[in-house]
Amino acid sequence: PLAGLAGNMPFTILSEQYGRIPILQASSIITGTCLLLCGSIKGRGGLAACWMLLGLGQAAHMVGTNNMLADISVPANRARTFTFNRVAMFAGQCLGPLYAGAASTMITTTQCEKVSVVFYASAPLLLLAALCTVLIPESLPQRSQQAFCAGLADSTKEMRELVCHTDMACALGVQFVHAFSNMAMIANIIPALAVDKFHMGL
């Protein structure tokens, strides 16, 4: 999350300058490469570095996808357009653990090798996704560098005014609290409950 927070704005600016497709390709390549590295690293430093790069890859993916959907939709159907995106995301989150579990059960040796095979089995899918992005047409209109810089200045002003608006501030506050509480449960409370109360191994 920290890497995603730091990379969100730079990737947004890059997507406005170079297009949505390069950002989507970069996200899949970064994440796929990190998964391959995660399967073979041994130290905590390497794991932390890969985890940060994974966060950057996820930030790039969110920026590229959301900007592309915003380009191809209009206000009248924007909610429905983003609904399909969320359906695809939630379907992946549901099927991903099943895929990882099935891949790990194919290895009957050490627990370390079972963990590594999940990374090795997932990385090719992301690298394949990077290749598939060549089939997606670029949705960012062609513009000159001067027009981009002027538009960036206007966008910065609009973003500042939008964040200062009471309704937007309340909506962002609700989003923050929702994400905060969910991540607290997923990362800390639920694992501690599973270990301490139900004596489940992780």
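The values are calculated or read from the model by the stated rules, or taken from the named source; none is laboratory data. Quantities reported herein were computed from a predicted structural model and do not represent experimental measurements. FYI the Cβ positions are ideal-geometry reconstructions off the backbone, even for glycines, and counts take in every protein chain you see.
Observations, loosely collected:
- Every residue from the stretch 89-108 that is loosely packed, with under 10 Cβ neighbours inside 10 Å and within 20 Å of the chain's Cα centre (by Cα): GLN93, CYS94, LEU98
- Some residue of the stretch 4-23 being farther than 14 Å from VAL63 by Cα, free of Cβ contacts under 8 Å to residues at least 60 places away in the same chain and in a helix (DSSP H, G or I): no
- The listed residue being modelled with pLDDT under 85 and either buried (at least 20 other Cβ atoms within 10 Å of the Cβ) or over 10 Å from the mean Cα position of the chain (by Cα) (or both), out of LEU24, LEU47: LEU47
- Residue match in the stretch 141-160 (condition: within 30 Å of GLN17 (Cα to Cα) and modelled with pLDDT of 75 or more): no
- Test: residue in the stretch 62-79 that is more than 13 Å from the chain's Cα centre (by Cα), buried (at least 16 other Cβ atoms within 10 Å of the Cβ), part of a helix (DSSP H, G or I) and at pLDDT below 80: no
- ILE41, sole failed condition from (1) free of Cβ contacts under 8 Å to residues at least 60 places away in the same chain; (2) under 28 Å from LEU135 (Cβ atoms); (3) among the hydrophobic types (A, V, I, L, M, F, W, C): (2)
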